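To start, the structure itself, in structure tokens.
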Amino acid sequence: MRCCMVATALAAAVAGGVSAQTPSAPGATIGRAPLSIRVNPENARLNNYLHDLAGPGAFVGVIGSGLLDQFGHKNDGAEGLAGRIGSHAGQAVVQTSVRHGLAGLMHRSTDYHPCECHGFGRKVEHALLETFTDRGADGSRALSVPRIAGAYAGGFARLAWERDRNAADVALGTTVSLGFSALFNIARELTGVGR
């Protein structure tokens with residue numbers, strides 16, 4: 001749990017450009033609306049973080065992962081399914097927070113950049129490149145340490161509340177999930193969906 005809170009705080013701290021609305025008159029704030037965060041073009045990093053954390057893709061991913069886990073445990077019922085979905089939601093929070101936090105610290109992009117190229121081979125190559133590398137502030141590419149670290153941090157965070165898992169299961173599952181990310185990006189390139 002401490003890991004989740006630290007990762008979330010780190011991501012929020014490096015998101016940058018967060019502006020708060022302040023009360024119009026000085027003095028007591030009892031009965032006033034709480035401070036809020038304005039998401040605008042100046043804080044696109046925060047906007048990307050919130051989208052990856054709670055956007056439609058994140059929602060579908062968490063629910064889908066929970067349902068897939070449930071197939072192996074059919075006797076657990078609705079309570080077991082809710083627990084699995086909750087576990088994947090916790091993993092997603094840690095994974096997204098670590099990824100975006102490190103990307104902010106390292107001045108790396110978390111955006112997927114679609115290929116403007118033509119041809120099956122070039123599109124597959126680009127999808128794999130986008131899966132395992134990211135762009136720096138100067139446009140250069142490097143191994144995507146934020147993405148890989150986030151994926152493994154999210155997987156290992158589940159060890160805190162799932163006592164039946166071990167490090168080998170986490171390492172294998174995370175490696176397989178990175179492979180699925182590559183397949184998803186290939187499908188995205190070939191179909192043009194999500195551009």
- Query: Between residue 120 and residue 138, what is the label-to-label distance in nm when each label sits 7 Å out along the Cα-to-Cβ direction?
  - Reply: 3.8
- Query: For labels at residue 128 and residue 187 in the simple 7 Å Cα→Cβ model, what's the distance in nm?
  - Reply: 1.9
- At q = 0.12, 0.19 Å⁻¹, the log10 of I(q)/I(0) for the stretch 37-191 from a Debye sum over equal Cα scatterers comes to -0.58, -1.27
- Item | Those chymotrypsin sites (Phe, Trp or Tyr not before Pro) in the stretch 102-133 that DSSP places in a loop and that have at most 15 other beta carbons within 10 Å | 112
- Query: What residues of the stretch 51-67 lie in the reach of a label at residue 162, counting those whose backbone N is under 16 Å from a point 7 Å from the Cα along Cα→Cβ?
  - Reply: 61-67
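No lab work stands behind these numbers, since they all come straight from the coordinates. Please read these numbers as outputs of a predicted model, since none were measured by experiment. Note that each Cβ is placed from the backbone with ideal geometry, even for glycine, and that neighbours are counted across all protein chains shown.
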